[in-house]
Structures are given as C-alpha cells and as structure tokens.
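The values are calculated or read from the model by the stated rules, or taken from the named source; none is laboratory data. Bear in mind that the values here come from a model prediction, so they are computed numbers and not experimental data. Counting neighbours? That spans all protein chains shown, and the Cβs are built from the backbone with ideal geometry, glycine included.
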Amino acid sequence: MWLLIKNKVRALWNKNEGLGTVEMVIILAVLVGLALLFRHYLIDLAQKFFEGVFGSDRVKDIHGDNFLPQINIDTGSGGGTN
C-alpha cells in the first residue's frame, strides 16, 4: 500500500507541466479583484502597521478616496496660436 502511494506521489512530483499563461492571468486577475474589493481594509491595515512601527505622528492620514494627489488640468480658453 505504501509503495503505491509513494509511486503516485513521485509521479506527481516528477510531472513536468508548469503553469500556463492563462492560469497566471486568471490568478493575477483574482488577486487584483480581491485587492480592489478590500482596498479600504488593506489601507487601514497598512496604516495601523506603519503607525505601530513609526508612531502615529509620522504617518499621514489617508482615509477616504481623496488620498491620491490631485492633478489640475487647465482647459482654458485656448489662447494658443496655430
């Protein structure tokens, strides 16, 4: 019985198939989806971690969706010359 299990495990171990591109893309898509789904929790977790390491006075509060830098695009009256 043990010999049969040992041979099955060895055959599985020696299998030369690797992960294909499709499998890697699916795994990456699932991980990105989970990160987006739980982004607020992950941000809070990271902030609490860094507050514990560096102290709360050295960590910037990034709660909410407005923690990304704002980019102002001037759509002025088109005063340029052609």
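Residues in region 21-30: is at least one assigned to a loop (DSSP other than H, G, I, E, B) and at pLDDT 85 or above?
no
For region 31-61: of the residues being surrounded by 11 or more Cβ atoms within 10 Å (Cβ to Cβ) and not in a helix (DSSP H, G or I), which is modelled with the highest pLDDT?
Phe38
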